[in-house]
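Colleague: Structure in structure tokens, see below.
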Amino acid sequence: MVCGRGTQSILRARGRWLAWSSGPSTSPLAAVHPLHLAITLALVLCGAGAVVGVVWPESGLIGLSFFFGWWVTVTAMTIALVLVIILLYRSLSGSARPLLAKSWLGLLNGAVALGSWVVVIRSSIG
């Protein structure tokens, strides 16, 4: 049921729950490239493997997690670096906003990967 604008009468839409199925998705993940979602999943799995490896060292997951984690973080940082360069170039012409809407997760993945490298390097030095 939909109330008419400025009236007290009730208007009925055709079909049941029509408004729930119409229009574009408003989810922030709807516009994200599938590659960014795959990298996010890989980062989460590598992080979970590292946590399991630290908690249960006999499981052997920590070495495997760090091996795959290294490759995933390198990939995430490379993608983020390319996205930053493209976004900087597009910002000169004012057309960066549509790309940013599709690539924010890739930038976040790169930041998380860079942060994890900083933590690992600092813990190995000190």
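Colleague: Yes or no: the stretch 21-32 includes at least one residue that is touching a Ser or Thr at 6+ places or on another chain (Cβ under 9 Å), modelled with pLDDT under 75 and assigned to a loop (DSSP other than H, G, I, E, B).
Modeller: yes
Colleague: Is it the case that the stretch 49-70 has a residue that's surrounded by 13 or more Cβ atoms within 10 Å (Cβ to Cβ), closer than 19 Å to Val32 by Cβ and touching a residue at least 40 places away in the same chain (Cβ under 8 Å)?
Modeller: no
The values are calculated or read from the model by the stated rules, or taken from the named source; none is laboratory data. Since the structure is predicted, the reported quantities are computational estimates derived from the model, not experimental observations. Positions of Cβ are backbone-derived with ideal geometry, glycine not excepted, and every protein chain shown enters the neighbour counts.
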